[in-house]
Ligand SMILES: Cc1ncc(C[n+]2csc(CCOP(=O)(O)OP(=O)(O)O)c2C)c(N)n1
Ligand SMILES: Cc1ncc(C[n+]2csc(CCOP(=O)(O)OP(=O)(O)O)c2C)c(N)n1
Ligand SMILES: [Mg+2]
Ligand SMILES: [Mg+2]
C-alpha cells in the first residue's frame, strides 16, 4: 500500500510501492480489455441485450475502489462494468451474466445494467439515473447505526445531478453526517445532451457546499490523483466527517450505448480527450519509475488478456437458465 | 402606485401614495380577519375539512401579489388562503369553497388546499409539498414561448426545499431563463420539524447560486420590504433576467393544521416572533405618516370586518352541490 | 387484555419489534419530534424517547427517504417507513417499484429488502391529494407484498409479521380507523378497536378472514369497507339475507384458499372497494375468482366501488363518492333478486 | 400512400400538429440534440431543425419536466412529453396522477390540462428497469385517458387525436413495434408498418378495432400482443378454430360497444397481456365484461399474461416471460376444449 504523506495533494510517485502500482495497472487495463471484448461480442451479435460502456473512464473506477476495503460497498449505474471489476467482481461472473447465463453474477436475471455481488461489496447496478444515490445514503445510515466503520462509494454521472434523487440523497447524507463518498463521473454528457445545456454552473463539486459538506474536483483521467482524493475522502467518511462529493473529470471514448456514433460531440473535443487517455497517461507515469519497465507492463498485459479471453471462452459455453428459473428469486 | 427610486433597498415610506398604503393595509388585514373567522368556524364545527392557516405570514402574500399584474399567475400550496386573497379571490368564493358549497371557487370540489381561480391568475393550490414548483416553471415556459410579458410567482415553504421537485424545477427555470419568482416563505418549520433538522445551510436564498441565478433574503414580516423586493424581482423576470429566488423570513402564529398546539416550538421563539407581527409593524409604519391617522385605519378595519362577516353569513347558507355533480368536471 | 385502537396497537407493535431486534428502525416525516405528533396519525408518538437513535425524522423528501430505507434494508436493517398520506407514495414509487420490488430478482437472489411501508389511505375531507386508496397500484408489482388492516388486533399482528418478513411489505391503513385521539381525531371515524392480548402474537400476511358467516352471498372487502360490509350484513339479516363477510386483508397475494370455499358455498359475490371502480383491486379479485371458481358462480360478480372520479372535497360529494352500507346492501339485494 | 413504421408515422404526426397549431411543443430528454437520436427511439429525429423553439430538450429530471409540461398545458400550451422508457414514469407519477389527472376536477372545471405523454413499454433485453408494461398503473386514474398503438396508422391518427384532446392522454407504444432503423433497431422487432394516406386523418381515442373476424372465441389484446394474437389466430384457423381478434387500443375508457357484441357472439374470451398477470389491465377487462356480458359467457374468461415476476434479462427467460403466439393458441384450445 502507499505511504502518501497526508496533506500533500500532488501524487508523489516515489512513495508508492511497485507492486501496488502494477496492480493498479492490471486493474485499469482489465477494464479496458474487458470493455473492448464486450463491444466486439456485442457487435458480433453473440451477446444479447444493450450495453453502456466505460472506455476512457477506467481511472475513476479503479482510483475510487482501490481506496475502499473489501467490506465497503459501492453503488453503480447502467454504466457499471468498470466499477464492478474494480470492486473485485471477476470477468468470468460478469461475462456469464452478459451472456444471460445461469452462472452469471445475477444468474442471468440482471444483465449489463444490474450487475452486482453482495459478497464483494456491490449492490446490483441501478439503471434509473440517480436512483442509487438515496440507496447509498441509506446503506451509509445502516453502517452508522450499526457502528461499523464501513463506507459507501456511490457512482453516478453528471446527468444525475439534475435529478431530484441527487438533491434529496445528498441532503440526507449531509444532515446525518453519513459515511458516503459521492462520486460524480463527469464525462460532459448525459446520453446525447451536453452538460452546459442542463445546468448553468457546471462545476459539480460546488454543489456540496449547498448541502453543507466538502466537494472537490479532480482530474478523473489521472489514476493516482483519483486514488489519493478518494483515499482522503474515505478517511474523512470513516472518521465520521462525511459525506464528501468528488467530481471526477473524464470522457467516454465510446458511444452512450450500443451503436452510438457520437455525432453530438465535436471533433475537437473528442480529439482533445482522446489524447488524454487515462491508461496511456498512467503508463507514462509508471515508466518514469526506475523499477518499472515496458516488459513489466507487457507481462501484466499478457495476464490481463489471458484472463479476459479465458472468461470469454467460458461465457460462450456457460449454461443458460432453465425456464422455470423464471419463477425463482422473486421473494426471499 | 409607488414611485420608489430603483436601486434603493430601504423602503422610503414618503414615496408611497396614501391610497396605495391603505389598500395594502386593507389586504393584510383582510387575510388576518379571514383566517380568524375560518379558525373560529372550524373549531365551532360548522366548517368541514382540515385547514392550514397563515396568521403571521400575511405580509409575504400581500407584498408579493401586489407586485404582480392581474394577468400574472401564482401557484400556491395547502397553506394558500392568504395567497388567494392577495391575488384577488374574494372572501365570498373562498368561504363558500371552505363550506363545500357549489358556489365556491372550485364548486366545492377543491376545498381549503386547492383553492384557485384561473381568471384571477391563480391555479388550484397544490397540496403536495413542492409540487407547484415545476408547474410554475412550466407556466413561465408557456409565457416565454408565447412571448407574453407575464410572470409567475411560486409560493412554497422552507420544508419544500428538501424535495426533488424544488431542485428540478429551479434548475429548469434557471437554464431556460424563465420569468418565475420563486417565493420561499421560510417560517422555520415544515410541519413539526424545524429547519435546522433538515438542512445544514439554512440560508435558503443561497441555493439560487447553485442553479445560476439570483437569490435574496428579505424580512418577510416587513410588508414594504417584501413588496419592494418582489417588485425588483418581477421586473427582472419581465425583462428576461429571471428566475429569482426570494426567501421571506416569517413565522406562523398558529398550528400547522387543525388543532395543533405547537408544543414543538419553544416559548422564547414564539414570544420573539409574536412581538414581530407583520400587521402591527405595518400599522406602526403607517402611523408615522402625517396623512394617515388611527381613524383611517379604523375605517379600513370596519370595511374588512364587514366584508368578512358578510361572506360568512352567505357561506353558511350557500347551496351544497347536488350528488350528481360528483360525476362532472372530470374531463374537459 | 386491553382495548386498543389501531394507532395504539401499531405503536405497541413497533415498540415491541424495536425492543426485540436492534435492526428495526422507523423513518419518515414528523415521526420523532419532541412535542410533535408521532407522525400524522400519532402512531409513533413518544417512541423518540424510548429509541432516540432509531427514530429517523426526515426532511420532506419521499423519493429520498424511501431510497434511504431501501439502502439500509439492503445492508441488513429492517426499516419501517411512514409516508404520512398514501397519495405521497407517487413521489417514492420509483424507489418502491424499480428498486425495492426488483432488486432481489435482478440480483438472482443475492440481496434482500426487508422493508415495511405504512400507508394511510382513504377519503377524509381533505380534498383530492390527501385521499386516494393506493392499494391498487401495488398489488400488481411482483416482489412486493400488500396487506390491509381493519382492526387493532390485525394491525398489531400484521405489523409484526411484516417486520419479520424478508421482503418489502406494504401495509395499508385507513385514516378513519386509527382511533387517534385529541387533535388528531378524525370526524366520521369508525370504531376499529380490538381486545389485545398481553402475550405476543402475530397475524400472517397472506390470510383473509371470515368476519361473519352466511350462506347467500359472499361480501369481500377490506379497510373501512370491511366495517361497512358488516353493517350492511346486519341490515340484510333483517331481510333474511345471510351474507358471509370476508375481510380480504391480504391484497397480494389474494388468499383464494379462504375465499374460494365461501364462493363455492354462496355462488354470489360482491366486492366492495373504496376508490374508483376501474382498475381497482376488485377487478383482480373478480378476474381471479372467475378463473378459479367460475363454475360456481350463479351470477356475475358485482363490484361496489367509488365512481371513476378524483376524490371531491365537499362532504356531500365525498359521502356520495365513498361506498356505504346502504349501497352495499342494495347491491346485494340487486344481485340476489 | 406511403409505407411507414410507427416511429416515422409518429414523427410525421408530431410535425403536422406542430405545423397546424403553434401551441403544440415537445419536451423530453435527448429529443432535440443536433447529431443526436431524436429521443431513445428516433421518433423526434430532425424536428429540432424544423421547430427550433418548440423542441424542449430537458435535463434528466422526470418529475420536473412532467411538471413543466403540465404547467405549460395549464397556460394553454399543448405539450407532447417523451419519457424515453416507461419505467421512468414512476419518477413522474406524482405530477401525472396528483396534478394532471386531478386538477380539472379539483378546480371544479376551471382549468384543463391538454397533455400528451408518449410511453415506450415492453421487455426488450434490457433487464428489469427498462422493460415494464406501464398501462396497468394508469387505467384506474380518473382524469386520464389511456391508449395503446400497435401499428403506424393508428399511431399517427391517435397521436393527432391526443394532441387535439383537452385532457391528459397517455399513449403507450411498444419498443419492438417502432420499426426504428440503424443503430436504434431492436432485435426481435415485429413489423408494425402501415400504408399511410397522404390526406389528413385521425383515429379516435376511445375505440377498439376488430382486426380479424371469427365466431369461436374473442381474443383481446393490444401492443405487441395484438400482433401475437393475430399470429395465433392464423395458427388456430388451421385447426378450424375461428378466432375474432380485437385490438383493444383504448385502455381507458374500454370500448365495450365494440367488444361486447363479439363476446355475445363467441361466448369465449381470452385476454392477452404483456406484464404480470396479477393487477393488469386484463383484470379490469375481465371484471368489466363479466359485469356487462356475464350471461353470454360460455366459459370463464381466461387471461394469458406474464408470470408474477419482474422482467428477467436473459433472453431465454425473457422469452418465457412474454406471452407468445404459441401460448395464446394453446390457451384458446384449452378454453374451447
Ligand atoms: C431516470 C432515468 N431517466 C433517463 C434514463 C435514460 N438514460 C440512461 S443513461 C442516461 C444518461 C446518463 O448520463 P450521466 O448520468 O451523465 O451518465 P453517463 O451516461 O455519462 O455515464 C439517460 C438519460 C434513465 N436510465 N433513468
Ligand atoms: C410531498 C408531501 N409530503 C408531505 C406532506 C405533508 N405535509 C403537509 S404540509 C407539510 C410541511 C410543509 O412545510 P413547509 O413547506 O415549510 O410549509 P409550511 O407548512 O411551513 O407553510 C408536510 C410535511 C405533503 N403535503 N406533501
Ligand atoms: Mg455523463
Ligand atoms: Mg415552513
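The values are calculated or read from the model by the stated rules, or taken from the named source; none is laboratory data. All values reported here derive from a predicted model rather than from experimental measurement. As a convention, Cβ positions derive from the backbone with ideal geometry for all residues, glycine included, and neighbour counts pool all protein chains shown.
Among the helices (runs of 4 or more DSSP H) confined wholly to segment A:219-292, which include 3 or more residues that are over 24 Å from residue A:191 (Cβ atoms)?
Because the criterion is at least 3 residues that are over 24 Å from residue A:191 (Cβ atoms), the helices (runs of 4 or more DSSP H) in segment A:219-292 that meet it are A:223-238, A:278-287.
Please work out if residue B:233 is within 30 Å of residue B:283 (Cβ to Cβ), away from ligand 2 (no atom under 13 Å from the Cβ) and in contact with a strand residue (DSSP E or B) (Cβ under 8 Å, 6 or more places away or on another chain).
Spelling it out, residue B:233 is indeed within 30 Å of residue B:283 (Cβ to Cβ), away from ligand 2 (no atom under 13 Å from the Cβ) and in contact with a strand residue (DSSP E or B) (Cβ under 8 Å, 6 or more places away or on another chain).
Would you confirm whether any residue within segment C:45-60 is under 30 Å from residue A:111 (Cβ atoms), without any contact (Cβ under 8 Å) to a residue 60 or more places away in the chain and either in contact with a strand residue (DSSP E or B) (Cβ under 6 Å, 6 or more places away or on another chain) or at the interface with chain A (Cβ under 7 Å from one of its Cβ atoms) (or both)? Can you show your working first?
To start, the set of residues in segment C:45-60 that are under 30 Å from residue A:111 (Cβ atoms) comprises none.
Scanning segment C:45-60, I find no residue that is under 30 Å from residue A:111 (Cβ atoms), without any contact (Cβ under 8 Å) to a residue 60 or more places away in the chain and either in contact with a strand residue (DSSP E or B) (Cβ under 6 Å, 6 or more places away or on another chain) or at the interface with chain A (Cβ under 7 Å from one of its Cβ atoms) (or both), so the answer is no.
Check residue B:199 against each of (1) more than 10 Å from ligand 2 (Cβ to nearest atom); (2) closer than 22 Å to residue B:221 by Cα and name the one condition it does not meet.
(2)
Going by the conditions given, is residue B:199 more than 16 Å from ligand 3 (Cβ to nearest atom), free of Cβ contacts under 8 Å to residues at least 60 places away in the same chain, outside any helix (DSSP H, G or I) and over 21 Å from the mean Cα position of the chain (by Cα)?
Here the answer is yes, as residue B:199 does meet what is asked.
Out of the residues in segment B:216-242 meeting the condition of being more than 18 Å from the chain's Cα centre (by Cα) and surrounded by 22 or more Cβ atoms within 10 Å (Cβ to Cβ), tell me which one is modelled with the highest pLDDT.
B:237
Can you tell me which residues in segment C:1-29 are in a loop (DSSP other than H, G, I, E, B) and surrounded by fewer than 24 Cβ atoms within 10 Å (Cβ to Cβ)?
Within segment C:1-29, C:1, C:5, C:21, C:22, C:23 qualify.
With segment D:229-337 as the region, which strands (runs of 3 or more DSSP E) entirely inside it contain at least 2 residues that are within 14 Å of chain C (Cβ to nearest Cβ)?
Counting at least 2 such residues, we get D:250-252, D:269-276, D:302-306.
Assess whether residue B:74 counts as being crowded, with 24+ Cβ neighbours inside 10 Å, under 16 Å from residue B:184 (Cα atoms), touching a strand residue (DSSP E or B) at 6+ places or on another chain (Cβ under 7 Å) and within 14 Å of chain C (Cβ to nearest Cβ).
Against the criterion (crowded, with 24+ Cβ neighbours inside 10 Å, under 16 Å from residue B:184 (Cα atoms), touching a strand residue (DSSP E or B) at 6+ places or on another chain (Cβ under 7 Å) and within 14 Å of chain C (Cβ to nearest Cβ)), residue B:74 does not qualify.
Which ones in segment B:81-113 are in contact with a strand residue (DSSP E or B) (Cβ under 6 Å, 6 or more places away or on another chain) and facing chain D (nearest Cβ under 9 Å)?
B:105
Being touching a helix residue (DSSP H, G or I) at 6+ places or on another chain (Cβ under 9 Å) and either more than 30 Å from residue A:165 (Cα to Cα) or within 16 Å of ligand 2 (Cβ to nearest atom) (or both), is that true of even one residue in segment B:137-144?
The answer is no; no qualifying residue exists.
For segment B:182-194, give me the residue count where each residue is more than 8 Å from chain C (Cβ to nearest Cβ) and either within 16 Å of ligand 1 (Cβ to nearest atom) or not in a strand (DSSP E or B) (or both).
Residues that pass the stated criteria total 2.
Limited to segment A:161-181, what total is found for residues that are surrounded by 24 or more Cβ atoms within 10 Å (Cβ to Cβ) and either at positive phi or away from chain B (no Cβ under 14 Å) (or both)?
Number satisfying all stated conditions: 3.
Taking segment A:114-160 as the region of interest, how many residues are in a loop (DSSP other than H, G, I, E, B), away from ligand 3 (no atom under 16 Å from the Cβ), crowded, with 24+ Cβ neighbours inside 10 Å and at the interface with chain C (Cβ under 8 Å from one of its Cβ atoms)?
3
What is the residue count in segment A:295-326 for residues that are surrounded by fewer than 13 Cβ atoms within 10 Å (Cβ to Cβ) and part of a helix (DSSP H, G or I)?
Residues meeting the conditions: 8.
Pick out the one residue from B:220, B:240 that is touching a residue at least 24 places away in the same chain (Cβ under 8 Å), away from ligand 3 (no atom under 16 Å from the Cβ) and either within 26 Å of residue A:212 (Cα to Cα) or within 14 Å of chain A (Cβ to nearest Cβ) (or both).
B:220
When you go through C:78, C:126, C:118 one by one, which is the residue that is surrounded by fewer than 24 Cβ atoms within 10 Å (Cβ to Cβ), over 19 Å from residue D:128 (Cα atoms) and more than 16 Å from ligand 4 (Cβ to nearest atom)?
Only one candidate passes the filter, namely C:78.
Scanning for something touching a residue at least 12 places away in the same chain (Cβ under 8 Å) and farther than 30 Å from residue B:100 by Cβ, does segment D:96-117 turn up at least one residue?
Yes, segment D:96-117 contains a residue that is touching a residue at least 12 places away in the same chain (Cβ under 8 Å) and farther than 30 Å from residue B:100 by Cβ.
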